[in-house]
Amino acid sequence: MKHLFRNLLIIAFLVCCNFQQALAQQMPPIPVDPNVRIGKLDNGLTYYIRKNNLPVERADFYIAQKVGSIQEEENQRGLAHFLEHMCFNGTTHFPGDALKQYLERIGVKFGENLNAYTSVDETVYNISNVPVNTPGAIDSCLLILHDWSNDLTLDPKEIDKERGVINEEWRTRMSAVQRFQEKLLPAMFAGTKYATCFPIGTMDVVMNFKPQTLRDYYEKWYRPDLQGIVVVGDVDVDAIEAQIKKLFADVPAQPNAAKREYYPVNDNKEPIVLIARDKEQPHIQAIIFNKHEATPDSEKGNMDYLIQDYAIDLINNMLNARLNELLQAANPPYIYAGTYDGDFFVAKTKQAFTGIVVCKEDAVENGITTLVREMERARQFGFTESEYQRARAEYLRNMESDYNERDTRRNEEYIDEYVRHFLDNEPIPGIENEYAIINQIAPAIPVQALNQMMQMLITDTNQVVAIFGPEKEELKMPTEEAIKKIPVNYSPDKSLLTAFYRETVQKRRRYISVSEAVIDVAKTAYSDRDPSNDKVQIQKGRRLLSQKTSDTLAVKVVGGPTLSIYLDVVKNGDALLSPENLNYYDFQIEEPVNLDNRMQYVVSFRPRVSLMYALFYGKLYIDFEKLAFTRAEFSLDMQNRVKAVEAILHKKPLGLRFRPQEVSYLVTYKEQNGKTYLNYIRNEIRFKCDWKRRLFSSGYTVFSEMVVTDRKNDFAAIPNKKAFKEKQVFYDMVDVYWNEDFWKAYNIIEPTESLEHAVSKLKKQSR
């Protein structure tokens, strides 16, 4: 994209008289973060090492390879990915299954903290969250990286065993999206090597290749000049560097090594239009690519590359703000629309300014046309000064937040930066340098410069349009329509809910804590689906806690009265019911049911993608006539325990193992005077805790319920200082007080017999 940022600088100079001076100060190369140790061995291997204390006594070990499926010959299709699997099936120092067994023994779980991925141009292996205080752990992890680099055994018996594993992976993971991508490649990249480079390869090759063919690929491409070691964590940088130099010195360089090619992508004068259908595709999606040249890796260290990134980020922020505004209309033209700039599909040698739109079944043309119109409007007329000021202010606020929280960054954040620096030469100035640079250049770049750049991002050539939809007409899901009707079906005004809230904690089957309160919940109108302005205030409350020291619950999990804000899935668009979130799930209509004398659609859902955070599965109930959500039953997807822990655990003591078992939710709504209101919330979290080196674990259940007792629209706002904060512990905010007449008519959640018995026991303990 060299031509783009050059023109950006020229335009900025023409419209801003002070820009030349500012530019003169910025033109040196982008500095490199001084807190990371970077070196290169004589054999060509590169290493990155950084001391970081979060989490304490933990470190991540990575090896990145500048090689992927694009290097495969025709008889090797799928072997880059196959080789990734073989790295876990025997090395010189860890034969057979010893590697996985050792790491599991020290707490590094295969699939969670021990993993790898293969793509078109790169392969990356990781050993994460390693307890570096465990004797020998650092030495062993570095030795594993060494073996992955140069000492795989590639035992033919292990190869034959792995064929079936990969064939099953291909069978189970061949989703609608993957089939779509495989159909796109030959058409999008016709006449280039990208046309047949899908990493999974062909099962004919996978099931029949000779072991020597895999070894040939390994010995040709796994070599030190294409490898980067990254270690970040609570480690001694000098000691790690000395170990790397000693350990990897024996990996031989290849003087006459094969050239690592980055293959070009053809230009196209006329638009390429691709249409594909699949029986498992739930909606119609269109992707519009506007190809342009990528910035060469050799030029990414220049300051103008950082300016370019800033400009493109602001362009996307402003254009996406316009597209999101159209979603707020009474009849929006699409379910979702957005833009970004990045690699052209699987190729790094071409970039594309890309628009994506998810269309309504009966308005496909309108959805695509609207996206194209907004992109073209931005190209022809640009953005306004006020739009730019808002976007720039938000960008700088986010940058300031990152700067202020720089001491709380976790290992994986640095790892990602250094891996991308090694593979793609992406800048790593560090937040301190980047914060200073951006605050200097941002005021010097006017909106006119960005408008000029927008004209170059979208041209009349190099366009590719891909449309993907269902193979046949399916039963129309009511979910999308119900989301559209939220502003109509739910309260159009701010409201104050009064509710009774109860929270209990059980250790095994024994109650160790009971807390109750009357709370006020202030909500903005349901047309505003951002809950950030909603607040909770405790009117009065009481608690009983077990007096046994062994019953102290040392962990803090999500919950408390703020559930009335964040689990109100109709009000909180980020929780589940948003156009973007719908794309993450598969939906199926079940048999309808009758609730409160009204027929209800029942729509079950489950995750269809894997994201950085845990998703949900469950059922939605939608009123036949009004298309209002009346009930949501859902649970946290527990397949990836690391993601589940991140979703529910706020805090735990060092040395305590937290293992979630189940997290479930129930949210119900009730109609009153023609509008639907939040009525009831239930949350149950089951988990186990155990201390290192202890034989037995303890099972806990945190159970909370909230029922709304009153609603009104005329009320004084809840002051910030009285509002319950998300990170506060509920039972710390109420008194030890058990007057039988305390609740009057508010205590409408009937206690169970077991809970009444528990209350009696806890009251006796507290006297």
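So, in the range 112-142, how many residues would count as being in contact with a Phe, Trp or Tyr (Cβ under 8 Å, 6 or more places away or on another chain), touching a residue at least 60 places away in the same chain (Cβ under 8 Å) and under 19 Å from ASP238 (Cα atoms)?
Total meeting the criteria: 3.
Counting only residues that are among the aliphatic types (A, V, I, L, M) and in contact with a Pro (Cβ under 9 Å, 6 or more places away or on another chain), how many does the range 151-188 have?
3
A quick yes/no check of all residues on (1) out of contact with any Lys or Arg (no Cβ under 8 Å at 6 or more places or on another chain); (2) assigned to a strand (DSSP E or B); (3) in contact (Cβ under 8 Å) with a residue 60 or more places away in the chain:
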| site | (1), (2), (3) |
| --- | --- |
| VAL603 | no, yes, yes |
| ARG606 | yes, yes, no |
| TYR621 | no, yes, no |
| LEU627 | no, no, yes |
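Let me confirm something: among ILE275, ILE284, ILE229, which residue is outside the structural domain of ILE437 (by TED's automatic domain parsing) and more than 21 Å from MET453 (Cα to Cα)?
ILE229
Scan the range 250-281 for residues that are of a type outside the set (Asp, Glu), exposed (fewer than 13 other Cβ atoms within 10 Å of the Cβ) and either within 30 Å of GLY39 (Cβ to Cβ) or touching a His at 6+ places or on another chain (Cβ under 9 Å) (or both) and jot them down.
Hits for the range 250-281 are PRO252, PRO255, ASN256, ALA258, LYS259.
Only one of these is β-branched (Val, Ile, Thr), modelled with pLDDT of 80 or more, over 19 Å from the mean Cα position of the chain (by Cα) and surrounded by fewer than 21 Cβ atoms within 10 Å (Cβ to Cβ): VAL602, VAL593. Name it.
On inspection, the qualifying residue turns out to be VAL602.
Pick out the one residue from THR349, THR408, THR370 that is surrounded by fewer than 19 Cβ atoms within 10 Å (Cβ to Cβ) and either outside the structural domain of ALA294 (by TED's automatic domain parsing) or more than 24 Å from LYS300 (Cβ to Cβ) (or both).
Result of the check over THR349, THR408, THR370: THR408.
Is it the case that ILE441 is in contact with a Lys or Arg (Cβ under 9 Å, 6 or more places away or on another chain) and either over 30 Å from LYS279 (Cα atoms) or at pLDDT below 90 (or both)?
Answer is no for this residue.
Could you figure out which of (1) touching a residue at least 12 places away in the same chain (Cβ under 8 Å); (2) surrounded by fewer than 19 Cβ atoms within 10 Å (Cβ to Cβ); (3) closer than 24 Å to PRO719 by Cα isn't true of TYR526?
(2)
Tell me the helices (runs of 4 or more DSSP H) entirely within the range 446-539 that contain at least 2 residues that are under 27 Å from THR562 (Cβ atoms).
479-484, 486-489
Looking for something among the acidic types (Asp, Glu) and closer than 27 Å to ARG529 by Cα - is there at least one such residue anywhere in the range 335-352? Show your work before the answer.
Going residue by residue through the range 335-352, those that are among the acidic types (Asp, Glu) are 341, 343.
With closer than 27 Å to ARG529 by Cα added as a condition, the list becomes none.
No.
When you scan the range 145-236 for helices (runs of 4 or more DSSP H) that lie fully inside it, which ones turn up with 1 or more residues that are within 31 Å of the chain's Cα centre (by Cα) and of a type in the set (Gly, Ala, Ser)?
156-173, 176-188
Tell me the residue from VAL734, VAL667 that is β-branched (Val, Ile, Thr) and at pLDDT below 85, please.
Only one candidate qualifies: VAL734.
Would the range 283-293 turn up any residue that is assigned to a loop (DSSP other than H, G, I, E, B) and of a type outside the set (S, T, N, Q)?
Within the range 283-293, one or more residues are assigned to a loop (DSSP other than H, G, I, E, B) and of a type outside the set (S, T, N, Q).
Is there a residue being in contact with a Phe, Trp or Tyr (Cβ under 6 Å, 6 or more places away or on another chain), surrounded by fewer than 17 Cβ atoms within 10 Å (Cβ to Cβ) and either in a loop (DSSP other than H, G, I, E, B) or touching a residue at least 40 places away in the same chain (Cβ under 8 Å) (or both) anywhere in the range 25-46?
Yes.
Across the range 560-575, which residue is modelled with the highest pLDDT among those that are in contact with a helix residue (DSSP H, G or I) (Cβ under 9 Å, 6 or more places away or on another chain), within 20 Å of THR479 (Cβ to Cβ) and hydrophobic (A, V, I, L, M, F, W, C)?
Filtering first and then ranking leaves VAL570.
Please list, ordered by first then second residue, the pairs with beta carbon atoms under 7 Å, 6 or more apart or interchain, first in the range 387-403 and assigned by TED's automatic domain parsing to the domain that holds LEU323 and farther than 13 Å from GLN440 by Cα, second of a type in the set (Val, Ile, Thr) and surrounded by 15 or more Cβ atoms within 10 Å (Cβ to Cβ).
TYR388/VAL447; ASP402/ILE431; TYR403/ILE431
The values are calculated or read from the model by the stated rules, or taken from the named source; none is laboratory data. Predicted model, so just to flag it, every value in this text is computed and none were measured. When we count neighbours, we look across all protein chains shown, and the Cβ atoms used for this are built from the backbone with ideal geometry, even at glycine.
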